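K.L.:
Below is the structure I would like to discuss, written out as structure tokens.
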Amino acid sequence: MRKMNDRRKAVYTVQEWLLTLKNAGMPLPSIVPDGIFDKTTEEAVRVFQGLSGIPQTGAVDERTWNELRIAALEAKKAVEGSVPIYPFDCMKAGMEITQGEHCDLMYIVQAMLRTLEGHYKGLEEQDMNGTCDEVTSGNIRCLQKLWGLRESGNIDVNTWNMLACAYNEFMNRE
């Protein structure tokens, strides 16, 4: 694995802070931390600066760096004690959500899949409709293949557990 240079590490850190703030409710553009200072990162910095009373240059100067670091640390503290939910625990062993089924749990699954779209190759953009539709089932099948699970496109406990772990890992990167 190739090491990141100092500039790329700094950009990655800024992107992680911006993502933390977005996840805490700040209205910032969606960012996937990759260490590349692209237009989306610049726009997120600009929005943060505007919300923080800093001149909106889109560049990360010392003031922006310090304000961003402090805001991200405060946001992280505010959500660290959040209570987890266990929405899949209501299903009995052996039960599955199959293609065509509509249920409230599918909204959660679809939100998680939407978050992971940019992180896993092969996932398609999908609607948030609460139905295990063709696209959702295809995305589940894609992840099942990647994870070495039975490629049914259905959501069973094993698929849910892998999806939850992938989502948590992506959302809680240090």
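The values are calculated or read from the model by the stated rules, or taken from the named source; none is laboratory data. It should be emphasised that the depicted structure is a prediction, and the values quoted were computed from it without experimental measurement. Counting neighbours? That spans all protein chains shown, and the Cβs are built from the backbone with ideal geometry, glycine included.
K.L.:
Scan the stretch 7-33 for residues that are hydroxyl-bearing (S, T, Y) and buried (at least 20 other Cβ atoms within 10 Å of the Cβ) and jot them down.
P.N.:
Residues of the stretch 7-33 hydroxyl-bearing (S, T, Y): 12-13, 20, 30.
Residue satisfying the conditions is T20 alone.
K.L.:
Please tell me if D156 is within 25 Å of S30 (Cα to Cα) and charged (D, E, K, R). Talk me through it step by step, then tell me what you get.
P.N.:
Working: within 25 Å of S30 (Cα to Cα): no; charged (D, E, K, R): yes.
Here the answer is no, as D156 does not meet what is asked.
K.L.:
Same structure, new question: Among the residues of the stretch 77-118, count how many are of a type in the set (K, R) and modelled with pLDDT of 85 or more.
P.N.:
First pass over the stretch 77-118, keeping only residues of a type in the set (K, R): 77, 92, 114.
When the remaining residues are screened for being modelled with pLDDT of 85 or more, the result is 114.
Result for the stretch 77-118: 1.
K.L.:
Identify all residues within the stretch 108-148 that are part of a helix (DSSP H, G or I), within 20 Å of the chain's Cα centre (by Cα) and loosely packed, with under 15 Cβ neighbours inside 10 Å; write none if there are none.
P.N.:
Passing the criteria: only A111.
K.L.:
Pairs under 6 Å by beta carbon, first residue on the phi < 0 side of the Ramachandran plot in the stretch 8-34, partner of a type in the set (V, I, T) and in a loop (DSSP other than H, G, I, E, B), six or more apart or different chains?
P.N.:
V14/V60; Q15/I31; L18/I31; L19/I31
K.L.:
Does T136 satisfy the condition of being touching a His at 6+ places or on another chain (Cβ under 6 Å), among the hydroxyl-bearing types (S, T, Y) and modelled with pLDDT of 95 or more? Can you show your working first?
P.N.:
Numbers: touching a His at 6+ places or on another chain (Cβ under 6 Å): no; among the hydroxyl-bearing types (S, T, Y): yes; modelled with pLDDT of 95 or more: yes.
No; evaluated as a whole, the condition is false for this residue.
K.L.:
Is it the case, given these coordinates, that R46 is over 21 Å from T115 (Cα atoms) and modelled with pLDDT of 95 or more?
P.N.:
On the way: over 21 Å from T115 (Cα atoms): yes; modelled with pLDDT of 95 or more: yes.
Answer is yes for this residue.
K.L.:
Which of the numbered conditions does N168 fail, given that it passes all the others? Conditions: (1) under 30 Å from V14 (Cβ atoms); (2) touching a Cys at 6+ places or on another chain (Cβ under 8 Å); (3) of a type in the set (S, T, N, Q).
P.N.:
Every listed condition holds for N168 apart from (2).
K.L.:
Give the residue that is modelled with the lowest pLDDT, with candidates limited to residues of the stretch 6-33 that are in a loop (DSSP other than H, G, I, E, B) and either within 16 Å of Q49 (Cβ to Cβ) or not assigned by TED's automatic domain parsing to the domain that holds A72 (or both).
P.N.:
Result: I31.
K.L.:
Any idea which of I54, I36 is assigned to a loop (DSSP other than H, G, I, E, B) and surrounded by 15 or more Cβ atoms within 10 Å (Cβ to Cβ)? If you could, list the steps in order and put the result at the bottom.
P.N.:
Values: I36 fails: surrounded by 15 or more Cβ atoms within 10 Å (Cβ to Cβ).
So the residue among I54, I36 that is assigned to a loop (DSSP other than H, G, I, E, B) and surrounded by 15 or more Cβ atoms within 10 Å (Cβ to Cβ) is I54.
K.L.:
crowded, with 19+ Cβ neighbours inside 10 Å and over 21 Å from M171 (Cα atoms), is that true of T64? Break it down stepwise before answering.
P.N.:
Details: crowded, with 19+ Cβ neighbours inside 10 Å: yes; over 21 Å from M171 (Cα atoms): yes.
Answer is yes for this residue.
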